[in-house]
Every structure is written in C-alpha cells, then in structure tokens.
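Beneath this line is the structure, given in structure tokens, with notes to follow.
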Amino acid sequence: MRNTSTQLLLVMNEVTHVLTTVNKIVEKRDQTHGNFDDNLTMIANLWGTYLGVEISAAQAANCMTMLKIARSAFNPTADDYLDMVGYSAIAAA
C-alpha cells in the first residue's frame, strides 16, 4: 500500500493536470467565443432581460456550472467536469 504522502502527491499531480487543462480550454474558448467576461456579461444581460431580474456575469457562470452538473447526471463525461471547473474558476475571478 502506498503511504499517505505518495497518495497526496499523486492526487495533487492529477489536480494540477486538470487545472492546466482547464486553463488551456479557457484560453482556446477566448479565441473562439470571445473574452469570457464579455461573453458571460452578455449571457447575464440576455437572461436578466428574459427573466426580468438583474444577473451578474458571475451568476451566469454559476448557472452554466449548474447546467453542466445537470447534464452530467445523465451521461457524465470528462469534458463536463472540465467545463464545471472552468466556469467555477471564471465565477471566482
């Protein structure tokens, strides 16, 4: 059995890999979908107008995370989880 330090190191390496992958995805989406802040601000404005309430870009990012959670309940993919991390990171920024 591996010791706790080795297990922690393996987990941290995987977490680092996931975060690096998400960073690359966000950078690529910036090129294909435009600046993420501008994009989420536009989404928030559209949703807010439709719903008749004010929605911030961070709230739109949180809603997109929840959308990914809902989708992953039926057919989870690694892409769903990477997107969840990306939207959460954007909301936190």
The lone exception for Thr6 - which of (1) part of a helix (DSSP H, G or I); (2) over 18 Å from Asp83 (Cβ atoms); (3) modelled with pLDDT of 90 or more it fails:
(3)
Run Trp47 past the list (1) in contact with a Cys (Cβ under 8 Å, 6 or more places away or on another chain); (2) under 22 Å from Lys24 (Cβ atoms) and report the number of the one that doesn't hold.
(2)
Just to check your reading of the model, which residue among Thr49, Thr41 is free of Cβ contacts under 8 Å to residues at least 60 places away in the same chain, in contact with a Ser or Thr (Cβ under 9 Å, 6 or more places away or on another chain) and among the β-branched types (Val, Ile, Thr)?
Thr41
Could you grab me the full set of residues in segment 38-92 that are aromatic (Phe, Trp, Tyr) and closer than 21 Å to Val18 by Cβ?
Tyr81, Tyr87
Under 9 Å between Cβ atoms, which residue pairs at least 6 apart in sequence (or on different chains) link something in segment 1-25 that is touching a residue at least 60 places away in the same chain (Cβ under 8 Å) and closer than 17 Å to Ile90 by Cα with a partner that is in a helix (DSSP H, G or I) and of a type in the set (Phe, Trp, Tyr)?
Val18/Tyr81
Lone unmet requirement of (1) in contact with a Ser or Thr (Cβ under 8 Å, 6 or more places away or on another chain); (2) open to solvent by 100 Å² or more (accessible area, probe 1.4 Å) for Ala93:
(1)
Filter segment 49-78 down to the residues that are more than 21 Å from Ala93 (Cα to Cα) and assigned to a helix (DSSP H, G or I), then identify the one that is most open to solvent (accessible area, probe 1.4 Å).
Tyr50
Whichever residue in segment 26-42 is open to solvent by less than 60 Å² (accessible area, probe 1.4 Å) and either among the hydrophobic types (A, V, I, L, M, F, W, C) or within 14 Å of Ala93 (Cα to Cα) (or both) and, among such residues, is modelled with the lowest pLDDT
Val26
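The values are calculated or read from the model by the stated rules, or taken from the named source; none is laboratory data. Computed from a predicted model, the values in this text were never measured in an experiment. Methodologically, a virtual Cβ is constructed for each residue, glycine included, from the backbone with ideal geometry; neighbour enumeration extends over all protein chains shown. The protein model used for the area step is the full one, side chains on, heavy atoms only, and it has no ligands, DNA or RNA in it. Shrake-Rupley method; radii C 1.70, N 1.55, O 1.52, S 1.80 Å.
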